[in-house]
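Structure first, commentary second.
Every number here is computed from the coordinates shown, using simple stated rules; none is lab data. Bear in mind that the values here come from a model prediction, so they are computed numbers and not experimental data. Cβ sites come from the backbone with ideal geometry, for glycine too, and all protein chains shown count toward neighbours.
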Amino acid sequence: MLEFHSRHMNTNISISGLNAPDASRVFKWMSSLEHQFSRFLPCSELSHVNRSVGNITHVSRQFAELLYEALRFYQETDGIFNPFLGNIMRKIGYDRSFEQMDKRNAHREPLPLTADQTTFTFDLEQCSITLPCGSALDFGGIAKGWAVQKAAVNLIGQGRPYGLINAGGDLMCWNGATPTEPWVINVTHPYSDDQTIGKLIFHSGQWGAATSSKIKRSWSDGRHRFHHLIDPRTALPSESDIIQATVIGPALLPCEIYAKCLMIMGSREGSKWLEARHPDLAYLFIDKDGHVIVSSNLKNLCSYKNFPGKISFPPNKER
Amino acid sequence: MKKILAPVVGTLGAGVIILSGMSHFAHADNPFSLSQSSSNASSSSTPAQTNSAVHIPDVKTLGLVAINYRLFHLDQLASNQIAFWIEDEKGHYVKTLRASSFTAGGGYKMRSEALPEWRKASNWAHASKSEINQVKLPEQAAGNHTVYWDCTDAAGKAVKPGKYVFKVEGNIYWQNRVVYTGKITIGKNNAESTAQASYKPAAAKSHGKLLENVRAEFDSGKRIASVKQDSTTSTQGS
């Protein structure tokens, strides 16, 4: 099985089951989106929009399409998924690629209440938006999954019999690795990408899976612990009891969105909330004590094996 | 015009979202296509840049080398790290096939005893992120496994026919290692070869068995697309 690897959107992208020209085109697509939707590139379209608060700003159709998806999930999740957190991310220090952050100068004070006082307008016909003052868009929680899903759906539509596109753990696969072999996806340990806590096995059909974690992109200013998953109810990094959540479903984008929501809402509230809203999605998460919780419907979506009831951490790094 | 009172639960975002032109937008929500995305990008206010580095040539190679091995799990510190690489007959580095995620991903900075021979041969300290991601081998269960060499070099170009050396290094316990070395001829004919173990230092053998039965089989004309490799695909927190 051919595998192709490249790095875009500050993420490792791997592709399996496709030929070289298809893989090249997917990488090129991901690269172009990075230059359009990155918060960290001053010349990106997103940066241009965020600099134009208070003014009517025309955007590309592609920008409008992603924004529409973001607003749809903003409404669908009652604002738990929130694309308006650009300024919060900047304030906690996440204003450049994670590796380059000034982690010692993060701030933890919540921003003042603004939501009920602000109006965001989006003219779909004109492809124009007006971002209220004090706001900044951030597609960090949606662009990667959207990009992978669109690439996969397009390739499926073009008749590619099977394939897998994985962008840093947000992935879509379809129809098994070969006609007789399933796709096997390792779910990694929250503290170590080297260790696997279990496997998801996908046979026929089209599937998405996304994992969100408080551990990977976390940092400390010496007093507080920060991570990139902001709870919009507090404007602070989420303090829920889940440290890693994986959501599985027929498409990737809802998985990416709801994995983050699950992380923010926590084990008790979040799992019931997700089951009620999206019975088509399954999940597994790890709580702060290491318990591995698997939703009862996961077996309806895929096979899985090796998941223990509890994992230990921090793992023994001296293996 | 559609006005949405956004059901925001907390402090941030927009309390009211006003959408207009909804019916027209349905036509803009086109399925992904590369030609369309390219034209969309070029018509945007910030044209997308192309990246020549993403071009992947479709390489025709001599065949496929399967390196089979039996792996044991050692329940002790600083062990279970393995790397597979290819050198030419003169000892020049050709390509890394797989290396344990911990070491390949930079773990050697914390543990200098990790796979020193492979790191020196491959000059791994200067490997790119893409190279690292390409070879990272997650922890494998004990048992029989196979890694493949598609007869290309580190740059992805097909190598010439001839004799090549396949090497496997494993950390048994801290600096105690085993290195398997074998030589195989690739060309028009199929071939096979069994690698020989060398323990470093010689007393390393007393610390346990990590690898055995390392052998390579060359299948002339076979393409890597035709074989199933151990899964290295993971979903991890981002």
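The GNM of chain A, with springs linking C-alpha atoms under 10 angstrom apart, assigns the highest mean-square fluctuation among A:THR119, A:THR77, A:THR196 to A:THR119.
Could you give the length gained by full extension between B:LYS209 and B:LYS183, i.e. 0.36 nm per residue of separation minus their alpha carbon distance, to one decimal place? Kindly include the intermediate steps, with their values, before the conclusion.
Values: separation 26, 0.36 × 26 = 9.36 nm, distance 2.24 nm.
Extra length from B:LYS209 to B:LYS183 when fully extended: 7.1 nm.
Selection among A:TYR258, A:THR234, A:THR188 by position relative to the dipole of chain A gives A:THR188 as farthest towards the positive end (Cβ unit charges, Cα centre). Taking the DSSP bridge list for the stretch B:49-164 and keeping only pairs wholly inside it, about 90 percent are antiparallel.
Distance between the C-alpha centres of the stretch A:159-218 and the stretch A:241-289: 16 Å, rounded to the whole angstrom. The gain in end-to-end length when the B:GLN76 to B:ALA141 segment is fully stretched comes to 21.9 nm, 0.36 nm per residue minus the alpha carbon separation. You can think of it this way: the chain between A:ASP289 and A:LYS310 has 6.7 nm of extra reach, that is 0.36 nm per residue less the Cα-Cα gap. When chain A is treated as a GNM with alpha-carbon contacts under 10 Å, the residue of A:LEU124, A:LEU229, A:LEU33 showing the greatest mean-square fluctuation is A:LEU124. Site pair A:PHE40 and A:GLN126 shows an inter-label distance of 3.5 nm when each label is modelled 7 Å from Cα along Cα→Cβ.
Cross-link pairs exceeding 24 Å between alpha carbons, from the set A:LYS144/A:LYS260; B:LYS163/B:LYS222; A:LYS150/A:LYS216; A:LYS199/B:LYS209: A:LYS150/A:LYS216; A:LYS199/B:LYS209. Each of B:SER112, B:SER100, A:SER212 was scored by other Cβ atoms within 10 Å of its Cβ. Listed from fewest to most, they are B:SER112, B:SER100, A:SER212.
Given a Förster radius of 45 Å and the C-beta distance between A:ARG268 and A:ILE201 as r, what FRET efficiency does 1/(1 + (r/R0)^6) yield to the nearest 0.05? Don't jump to the answer; show the numbers that get you there.
Details: r = 29 Å, r/R0 = 0.64.
Efficiency at R0 = 45 Å is approximately 0.95.
Go through A:LYS272/A:LYS305; A:LYS305/B:LYS109; A:LYS288/B:LYS200; B:LYS95/B:LYS200 and tell me which ones have a Cα-Cα distance over 30 Å in this structure. Listed pairs above 30 Å: A:LYS305/B:LYS109; A:LYS288/B:LYS200.
Counting neighbouring Cβ atoms within 10 Å and putting the fewest first, the residues B:VAL179, A:VAL59, A:VAL294 line up as A:VAL294, B:VAL179, A:VAL59. Of all the options A:ASN82, A:ASN306, A:ASN50, the one that moves most in a Gaussian network model of chain A with Cα springs shorter than 10 angstrom is A:ASN306.
Between B:ALA125 and A:ARG51, what FRET efficiency follows from the Cβ-Cβ distance if R0 is 35 Å, with the result rounded to 0.05? Display every interim value, and only then the final one.
Values: r = 40 Å, r/R0 = 1.13.
According to the calculation, E is roughly 0.30.
What does the charge count near B:LYS167 come to, summing +1 for each Lys or Arg and -1 for each Asp or Glu among other residues with Cβ under 9 Å from its Cβ? Around B:LYS167, the surrounding residues sum to -3.
First measure r as the distance between the Cβ atoms of B:LYS163 and B:GLU117, then evaluate 1/(1 + (r/R0)^6) with R0 = 22 Å and state the FRET efficiency to the nearest 0.05. Working shown, then result.
On the way: r = 20 Å, r/R0 = 0.90.
After rounding, the FRET efficiency stands at 0.65.
Straight-distance candidates among the aspartates and glutamates for linking to B:LYS205, with alpha-carbon spacing under 19 Å and chain neighbours fewer than 8 residues away dropped: B:ASP75, B:GLU113, B:GLU117, B:GLU169. Under the simplified labelling scheme, the B:LYS109-A:HIS224 pair shows an inter-label distance of 2.7 nm, with each label point 7 Å from Cα along Cα→Cβ.
With a simple spin-label model that places each label point 7 Å from the Cα along the Cα-to-Cβ direction, the separation between A:ARG90 and A:LYS299 comes to 5.0 nm.
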